[in-house]
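Taken together, the values in this text are just the output of simple stated rules run on the coordinates, not laboratory data. Computed from a prediction, not measured in an experiment: that's the story for all the values here. Counting neighbours? That spans all protein chains shown, and the Cβs are built from the backbone with ideal geometry, glycine included.
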Amino acid sequence: MKENEISSVIIGCAIEVHNKLGPGLLESAYQKCLIYELEKIGFLVEQELKMPIVYKDLTLNHGYRIDLLVEKKIVIELKSVDAIIDIHEAQLMTYLKLGNYKLGLILNFKTKLLKHGIRRMVNGL
């Protein structure tokens, strides 16, 4: 599957989780449920994936972690906040660049309708 197809499935699963749980829970609850849904349909899902910073021949392990990486292609940054702000987008873009990934999603579950809490970001397209 290509990135766009995978992201559509991810969004569908996230909407299902949001519909069942509603807004206002901790990010970790949504993370576990989304992983459950994605793995149930056969996707490879890595969680809390360490993301080192590589500068020339220097590697810095500063504790950056990708919330979810799906099929080794799509970076998912999960939030349960009042609003997605610039720093959240910058964080996702940093992960995309550091890992050389093309597509990422911010999923903010603290919204009445999840479609209002989705940001799709691309790297290098």
Pick out the long, greasy-scoring helices in the chain: whole DSSP H runs spanning 24 Å or more along their own axis by Cα, mean Kyte-Doolittle at least 0.5.
-> none
Kindly state, to the nearest 0.05, the FRET efficiency for LYS40 paired with LYS115, given R0 = 25 Å and r defined as their beta-carbon distance.
-> 0.70
Packing-based exposure ordering (other Cβ within 10 Å, fewest first) of ILE87, ILE53, ILE74, ILE118 | ILE87, ILE53, ILE118, ILE74
Please tell me the relative contact order of the chain in percent, rounded to the nearest whole number, where contacts are Cα pairs under 8 Å and at least six residues apart.
-> 23
Environment charge of HIS88, counting only residues whose C-beta is closer than 14 Å and scoring Lys/Arg +1, Asp/Glu -1 = -2
For the chain, with only Lys/Arg (+1) and Asp/Glu (-1) charged at the beta-carbon, what is the dipole magnitude about the Cα centre, in debye rounded to 20?
-> 140
The chain - convex hull of alpha carbons, volume per residue in Å³ | 106
Residues of type aspartates and glutamates that LYS73 reaches as a straight line, Cα spacing below 16 Å, ignoring anything fewer than 8 places off in the same chain = GLU3, GLU5, GLU39, GLU46, GLU48
What distance in nm separates the simple spin-label points at LYS32 and GLU5, each placed 7 Å from Cα in the Cβ direction?
-> 3.2
Under unit Cβ charges (Lys, Arg +1; Asp, Glu -1), what dipole magnitude, rounded to 20 debye, does region 52-119 have relative to its Cα centre?
-> 200
